[in-house]
1. Rg (Å, one decimal) plus Dmax (Å, integer) for the alpha carbons of region 87-133?
2. Would you work out if region 65-169 is rounded, prolate or oblate? Take a ≥ b ≥ c from the square roots of the eigenvalues of the alpha-carbon gyration tensor; rounded if a/c is under 1.5, else prolate when a/b is larger than b/c, oblate otherwise.
């Protein structure tokens, strides 16, 4: 009887410490404690099945009540673990739905990506042509400025020659 109460106390310590863990760690812990509880009950069951009828008859009402309280405690523990596992299952299901939606959105974006890449390449080629034409335009303007300067110099020279010719007449 002491071993059973010790096992239940030990299990309640495990459960109370599990409440401070994250949900994923709690899931692993709960699975491990379920496995260990099963092994405890497997160790206990052969003893309970091999109880002599004399021992069962000699059990008092208070020992039956204690056993009932123990079973109620185990039931409450199992119900608590079940609620925790259902909560974890629900949060994982929500996470799965969110990830599925995100994956579908990303797949939709991936379909558009090749078109965007070809459009980007076309824009880069156009930019290159514009830069080349701007360079050609700059060169042409520079050449025109030099020609204009040359023509202005010629005009000044011609005007000064004409002024000199008029001065002699």
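1. 20.2, 67
2. Prolate shape, in that a/c is at least 1.5 and a/b is the bigger ratio.
Throughout, read-outs are computed from the coordinates displayed, never taken from laboratory work. If you're wondering where the values come from, they're calculated on a predicted model, not measured in any experiment.
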